[in-house]
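Please treat every number below as a calculation from the coordinates, not as lab data. Everything numeric here is computed off the predicted structure, so don't read it as measured data. So basically every Cβ, Gly included, is an ideal-geometry build from the backbone, and we count neighbours across all protein chains shown.
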Amino acid sequence: MTPLSHEDFDPVTLEILWSRLISTTDESAAALLRTSFSTIVRESNDYATVLMDANGDALAENTAGIPSFVGILPRTLRDHLLVRYPRETWRPGDCVITNDPWMATGHLPDITMAAPIFYRGRLVAFSGSIAHSPDIGGSLWAADCRELYEEGLLIPPVKFLVEGRPNQDVVDFISGNVRMPEQVLGDLQAQVSAQQVCARRLVEFLDDAEMVDLATLSRALQTRAEGAMRKAIEALPDGEHRYTVRADGFDEDETQIECRLVIAGSTIHVDYAGTSKQIGRGLNSVMNYTYAYTVYPIKCAVDPLTPRNEGSYRPITVDAPLGSILNPRHPAPCSARQLTGHLLAGAVYGCLGQAIPRAVLAECGSAPTLRALFSGADRQGNRFSQILFASGGMGASAVGDGLSTTAFPTNSGAGSVEAFESIAPLLVWKKEFRQDSGGAGQHRGGLGQEIEVEVTSTEPLRLSLLSDRQKHAPRGLFGGKDGTTVEIFLRDGSRPHPTSRSSTKPGDRLIMRFAGGGGYGDPRARDLDAAREDVRMGYVSAEVAVGGTFTDFVLVDELRDLIYTGKRLTSSHDPSEAIFAGLARLLREAGTDPDQLHSLVHGTTLVANTIIERTGARVGYVTTRGFRDSLEMGREIRYDLYDLQLEPPRPLVPRPLRREVGERIDAEGQIVLPLDEAELRTVAAELAADGVEAIAVCFMHAYRNPEHERLAKRILERECPEIPVSISSEVAPEIREYQRASTTCANAYVQPRIARYLAGLEDGLQAMRLPGKLYVMLSNGGITTVRTARAFPIQLIESGPAAGAMAAGYYGLLTNTASLISFDMGGTTAKMCLVDRGWPSRVHELEAGRVRRFRKGSGLPLKVPVVDMIEIGAGGGSIARVDAMGLLKVGPQSAGSEPGPVGYGRGGTLPTVTDADLVLGYLSPDYFLGGEMTLDRAAVERAIEEHIARPLGLDVAAAAVGIHHVVNENMAAATRMHAAENGQDPRRFALIAFGGAGPVHAYGLARLLKLHRIICPFGAGVTSALGMLVAAPSTDLVRSYVSRLDNIDWTHLNGLFAEMEGEARALLVEAGADPAELTLRRTADMRYVGQGFEIPVPLPEGPLGPGSLDDLKERFLATYAQLFERRITDMPIEAMSWRLSATAPVPNVELNFGGQPARQGDARKGTRQVYFPQTGFALCAVYDRYSLTAGTQLAGPAVIEERESTIVAGPDARITVDKHLNVVMEID
């Protein structure tokens, strides 16, 4: 093969290749996260994965994680690991680890791992990961050690695996020097899993790209990234700027950071000359860490949008004096280096703000982070070590207020209090915003928080605190006021050392008040309405201060054994208008009398749209005293590492409507404090006076004991008889208070509107003389009664998309296809789901109302049974654009139905996927929607020329090819990731394609995934609606009961299942099911003790007891091995939640589309020029779908048109029409 130069990669190819490499690192990160044991990894995001080329230069990084790690890992590999182990000494299967602070991340708890990736016998790349270990021996994580050797075990660069085999000497040495060897080694194995996933995916990538190594691609990607950063720096004014940050240091040894930042042409140089000398305590930041937390905030402010690799940081240089606190000499202690390193962002922004004031933040109260580590023995005598993660407020900016309780510059999050209490003998009494803690300004600093924790152990516990900001508050910028300082004390008034170790005794209560961020701009310039809102929300005291594009229809006429389909543009202001109009038209076309309809099944996006559009009810929220702000604090994590102005998801209930009452239940379900009924009655009266339309209740640990919530519901219904009440123990009885509260509030938020909508729908259907019973599609793919839908409307949130997966499952059974990938591509999104033997995979949590629709973490978490689909912004309306690096991007922005693609002629000016498909010949300009809409090809070509072709130096056809390829690769990458998370190889699946754009892109997607069979149902554009008619009544129930398998109370567990079974049978019988024909499936969410992610494990039928223990363990081990290719037999296993799924038989719907328009004669409509990668543009036969009869066989290339969609088959495809009129495509 002739070597390529980096100029040989065109912008389209480069975008596709880079996106796939980033997807590889994300998949690697998912494997690490899901199999890790450390709470700091799983709850606080303290990890990263990086793909590096053979020289050790970063190619791609995972999109979440700790930003400092990705800047350090390549330096560790290049400067140290490759010195200790030259390239020629690495072998396949090797893994090298180190935690040497001077080589790696700056303190011992972080273990860096690197592994070689070989391709055809050559070393082509390295995969790398860093994860914070739960223990590293030595002292507890603290800042009071005087030299490195006190802080724990130092691991020099050493092979942890040798050609795939554990280096047992190293394993034994580590396990013999740490307190929790099972968890430490478990995390190391999780890192190994991440490396293995990365290697497998990269080999597949090289095969697909027909490349022998990454050298040329690496140069091209680094050149692009470096060019983008240099261009961004050149736009800044040249100059030299200085800023000083003062820190608490240790006791009397206060420290300061002197920062000098020079902008010159296309470079930035940062010099820390004058910074304090290193000290004899663990606050020293080694140069690697200093470098990482210097370049990261610069990237955020100067060039936040372009992806990162080694080239991104070449224009930035950093110096710090040797022997300073930012570049200490070995063996200076450095365990708490974050207390210094996190302050660098404030120093950098103090300088940069003088050049680009609108791009920076004021100093953050979350920098550095405040951590409290508790250790000792739990109530059962087991050793534990738990870190309480929480954050202060971010600094404000020129754009808006700082984010409250959000970490920056790190991205560590906060875990569930309920999960924390279930592990440690601690009780959290308060976790709420700290009023007046954000610095005043034109834009206010983000709020800190106050946390109160009681020690409930029988023996004293060790406490280690890591804090700063007690002497020096986060400073404001440009006239903004400072945030508050940190305060830490015990309730008796004593103060533990803020950066050292101490002891706490049973009954002690530790109170921590986190700092708020600095303000930005003169407070007198603050918008008056914003100031009033601050007071109304209690942030500041008064003294201080639409669904989709189309609606789909399917009618099954059982008397004549015929199916009719229809499609209609959605009426966004009232979805029922499209429903009534579409039904009337469909009945006319079918010649069916309305009296003959015995049932109607309805799926809707109204619940999701109500949350997205924030058009729901005014909700009052009642919770345990001390926890009203949990809804707003969320996980205290940023969903975008590089966006300083990101918008957090707003809670559905504003702070003034969130009320607290006295009550407390602990993790064992024991009542610690009885419910204050008188106080609750007062709260009820206040909420009624505030005009709330619904009430949500979520008490701590109500999943374990619902007594207080049930009592509260009775009182509230008595005091407020006209207001519906949702309680968390009925809506989502699962552990983790934020997710449970979010779900309960969402249920209350949509309940009044959905009740009105369903009532209006029933009235409208009666007015149409439709006597049949109305059923509603659930998010889990089942159907339910209107009564249940009114009580728990949040279970409808994905009812529309779930129908498509159910249809895919039904087609799988019809065609004897055991393993299917359901592929539903419409106007805005593409949704993929795995189907096994007719049963779509399911999960029990999703996000709704995302601020950025396709960005994980930017929405409200909901604990709802839902078909497990991955959704990305890849639809016919997805907009194509050229980014700052000159690469082609497609989506997630969409033109929607208004104005729609350029070809619609409704005012759209930006080219979309549909427009590209038109240029490539896949779509007919005269037969879109069966000829009801004509597409304007000339306008499309002008738009692609202006916005894509000319900027990329391509012709219009090549630009259209690029758009098509990029969107297909985006969907393929998402599908690979989804399959990997479920422990599946997509190559063993067939593809079923539907939705308006699905059959157009199915062929290209299948080739990328190496699939050989595609099924395109008749009426593919309305297949989702058909899914409702083949869905059975079903329900999914859950009860959280946290226990190690060895300690299960079998009587209690069997009682939970009996309770769920009784409830399920009653619900399904009400929905018309025969109780004798119900299928019950039981699963448990299990994990190794200490892990943060559970996996669903199938359970046997019948009562469970001590004799079931070995079987349950084996079921868990087998499921875990299938997902992660690991079996760990010497770790204890625990269950978190127990689930029961009940389903009635699937309706026996025969697929006979004889009622659809049929045409006699030759099915071939003609020919047109169509593009395929193998041929370029070539003459291709076009067929009429309605003239193709069962048994028809065709050879590709071919285009098959029907009213709702178009099927595209390439030259290597063989096409058969089966007896159900499915077009089945076999790809050679």
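Annotations
- Counting only lysines at least 8 places from Lys471 when in the same chain, those with an alpha carbon closer than 26 Å to its own are Lys277, Lys430, Lys431, Lys481.
- Take 1006-1016, 394-404, 85-95 and order them by the average number of nearby Cβ atoms within 10 Å per residue, most first; the result is 394-404, 1006-1016, 85-95.
- Dipole of the chain, positive end: most advanced residue of Ser385, Ala115, Ala979 [Cβ charges, Cα centre]: Ala115
- Against the empirical curve 2.2 N^0.38 Å, the C-alpha radius of gyration of the chain lands at a ratio of 0.92.
- By the count of neighbouring beta-carbon atoms within 10 Å, fewest first, His241, His443 end up ordered His241, His443.
- Cβ-Cβ distance of Glu88 and Asp207, R₀ of 22 Å, FRET efficiency by 1/(1 + (r/R0)^6): the value works out to about 0.35.
- If R0 equals 51 Å, the separation of the Cβ atoms of Arg491 and Glu946 corresponds to a calculated FRET efficiency of about 0.15.
- Chain lengthening between His1052 and Asn816 when straightened (0.36 nm per residue, less Cα-Cα): 80.8 nm
- Summary of the geometry: region 1123-1142 and region 78-117, compared by the centres of their Cα atoms, lie 32 Å apart.
- Partners for Lys1165 among lysines (Cα-Cα distance below 29 Å; same-chain residues under 8 apart left out): Lys567, Lys1219
- Rounded if a/c under 1.5, otherwise prolate or oblate - region 136-270, Cα gyration tensor axes: oblate
- Per-peptide average of other Cβ atoms within 10 Å, ordering 931-944, 178-191 highest first: 178-191, 931-944
- In terms of its C-alpha gyration tensor, region 1069-1228 has an oblate overall shape, because the principal axis ratio a/c (a ≥ b ≥ c, square roots of the eigenvalues) is not below 1.5 and a/b does not outweigh b/c.
- Here the simple spin-label model places points 7 Å from the Cα toward Cβ, and for Ser541 and Leu711 these points are separated by 3.3 nm.
- In this calculation the C-beta distance from Glu679 to His241 is compared with R0 = 51 Å, giving a FRET efficiency of 0.40.
- For the chain, the Cβ-based charge dipole about the Cα centre amounts to some 720 debye (Lys, Arg positive; Asp, Glu negative; other atoms uncharged).
- Geometric extent, Cα atoms of region 367-545 - Rg, Dmax (angstrom): 17.4, 58
- 16 Å reach of a label modelled at Glu163, 7 Å along Cα-to-Cβ, counting backbone N of region 105-139: 116, 118, 121-122
- Distant-in-sequence amide H partners of Phe389 (H built 1.01 Å from N, under 5 Å): Gly415
- Estimated 222 nm signal from helices in the chain, with DSSP H stretches of n ≥ 4 weighted -39500 (n - 2.57), rounded to 500: -9000 deg cm²/dmol
- A full extension of the chain between Val399 and Ala525 corresponds to an added length of 44.0 nm, given 0.36 nm per residue minus the alpha carbon distance.
- For region 611-776, the average shadow cast by the Cα convex hull is 12.3 nm², which is a quarter of the hull's surface.
- Listed peptides 428-436, 126-134, 654-662 by packing density, highest first (mean Cβ within 10 Å): 126-134, 428-436, 654-662
- Subtracting the Cα-Cα distance of Val1089 and Thr1189 from 0.36 nm times their residue separation leaves 30.2 nm of extension gain.
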